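Notes for the one structure printed next.
The values are calculated or read from the model by the stated rules, or taken from the named source; none is laboratory data. Quantities reported herein were computed from a predicted structural model and do not represent experimental measurements. In this analysis, Cβ positions are derived from the backbone assuming ideal geometry, glycine residues included, and neighbour counts consider all displayed protein chains.
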Amino acid sequence: MQMLSTERTLGSLTGRPIAAGAAAALVVALAAGCSSGGPAATAHPAGSVLRVPQDYRTVQQAVDAAREGETVLVGPGVYRESVHLTRPRVVLRGTDRGAVVFDGGIKLVNGITVTGAGSVVENLTVHGYLANGVLFTGVTDERLQQRGAGGSAYNPLDTAKFPALQGFRASRVTAYDNGLYGIYAFDAHGGVIEDSYASGQADSGIYVGQCRPCDTLVRGNTMAGNAVGIELTNASEGLSVLGNLVTGNRVGITVNSNDQEALAPQHSAVIAGNVVADNDAADTPEQADGGFGIGIGIGGGTGNRVQRNLVQGNKAAGIIVTDPPGHPASDNRIEGNRAAGNGADLVLAAADPANCFDGNQAAVQSPAGLEGLADCGSGGRRGALPAGRAAAVQVPPGMPFSQVPAPPAQPSMPDPTAPAVPATGLPGTVDPAAYPLPTDAGSVPRHSG
């Protein structure tokens, strides 16, 4: 799915589009009001922990004063700021995940923007921003960040001008009711997004885009009530989505290639051990491309592995592979999944014979007998097949992202005073085989580190 335009995002507040010129003027006005302002503390506190509000009145003052390897520890409160974390290897941590709240008030554009290599955001809540809750990116031009990080009018980004951010981590972040993405990694690699919860995003709960190699791990998160749960666009190589619960969105997980970002086509991701269930919720923001009732969708991706996922209760399709214009899907292996109670459990609507399906538990296949016609053991099907179809669904109207109810309380760090670890050497060893097929929605493997 392509990124939402600014005017569509702002228009979703009222349920109608805003003219491009008006939207641009509004974004400029919002951007002008994003900095926290106010004088910084004159002295750096002793030790390596900077405390808000004890040492610094605002979070922005603290991260500006932080030195490489230090921790900014934020106490309970509501922080109506847009924070820019530009220093390397800084850990921004809340003392209480539910009580440390960054609130955009449906006025500020981005919540926490990280361009400092190896930096971390953890144990806090971020909501009510017109664009993103937490953004990790190599895009250092704030004007482009205000447009979603992808560039003016979402033209493909100049990856030479903006080299990818190296090293990032989001842990135990609650992101809800933001106008684009909850946790957004764009033009960034060497990262982990873990143990987080995202709901009510007008686009995606978690988005990983434009990275090659990504070297990124998305594990142990819960996505509920978003337009899309997890979205991967032009995100390739070393990308693993493991042990997540993706439920009650309009669409569960999407894997896409498109030409609105650089580095197409998408290829070589692993999606394993996830529960992807009941992604046909009406009380969610409208999905930009109109998708609804899909569990896992591959649109033009290549060389991906979708393995050992429990995919159930999605009204249109459980797992579907399609060809968007200009990007045929190829060499995708759909293996060992249990797909049940979907409109159609397995759907192949892509033409390339190298896509294959094997060892899946799936009653409703389109075309009929798909596994026998496109099994992986024979290297894919030998001849052309009729295009498979998802079940027809009636797409309900969406609701404004700002009106999606807040999520339930989520687990906080056991000891927020423990020494912090910057995001270096990530994601470390990744073993998709350690994530078995879930037996039910409550059996998703959880990261315990």
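Within the stretch 72-112, the set of residues being in a loop (DSSP other than H, G, I, E, B), of a type in the set (Lys, Arg) and within 22 Å of Ser48 (Cα to Cα) comprises Arg87, Arg89, Arg97. Only one entry in Val255, Val241, Val270 is free of Cβ contacts under 8 Å to residues at least 40 places away in the same chain, in a strand (DSSP E or B) and either within 11 Å of the chain's Cα centre (by Cα) or assigned by TED's automatic domain parsing to the domain that holds Asn342 (or both), namely Val241. All conditions but one from (1) out of contact with any Gly (no Cβ under 6 Å at 6 or more places or on another chain); (2) surrounded by fewer than 24 Cβ atoms within 10 Å (Cβ to Cβ) apply to Tyr184; the one that does not is (2). Residue count for the stretch 322-342, restricted to those that are buried (at least 22 other Cβ atoms within 10 Å of the Cβ) and farther than 11 Å from Gly301 by Cα: 4.
Between Asp215, Asp203, which is over 23 Å from Ser402 (Cβ atoms) and of a type in the set (Asp, Glu)?
Working: Asp203 fails: over 23 Å from Ser402 (Cβ atoms).
Answer to the check: Asp215.
Among the strands (runs of 3 or more DSSP E) lying completely within the stretch 154-199, list those that include at least 3 residues that are more than 20 Å from Pro88 (Cα to Cα) and either in contact (Cβ under 8 Å) with a residue 12 or more places away in the chain or of a type in the set (D, E, K, R) (or both). Where strands (runs of 3 or more DSSP E) fall fully within the stretch 154-199 and carry at least 3 residues being more than 20 Å from Pro88 (Cα to Cα) and either in contact (Cβ under 8 Å) with a residue 12 or more places away in the chain or of a type in the set (D, E, K, R) (or both), they are 165-176, 197-199. Taken as a whole, the condition of being closer than 21 Å to Pro328 by Cα, touching a Gly at 6+ places or on another chain (Cβ under 9 Å), surrounded by 24 or more Cβ atoms within 10 Å (Cβ to Cβ) and at pLDDT below 95 does not apply to Glu231. Exactly one residue out of Ala262, Ala281 is assigned to a loop (DSSP other than H, G, I, E, B), in contact with a Lys or Arg (Cβ under 7 Å, 6 or more places away or on another chain) and either surrounded by fewer than 22 Cβ atoms within 10 Å (Cβ to Cβ) or small (Gly, Ala, Ser) (or both): that is Ala281.
Within the stretch 388-439, the set of residues being of a type in the set (Ser, Thr, Tyr) and either crowded, with 18+ Cβ neighbours inside 10 Å or at pLDDT 95 or above (or both) comprises Ser402, Ser412, Thr417, Thr424, Thr429, Tyr435. With respect to Val173, determine if the residue is over 12 Å from Gly111 (Cβ atoms) and of a type outside the set (S, T, N, Q). For Val173, the condition - over 12 Å from Gly111 (Cβ atoms) and of a type outside the set (S, T, N, Q) - is not met.
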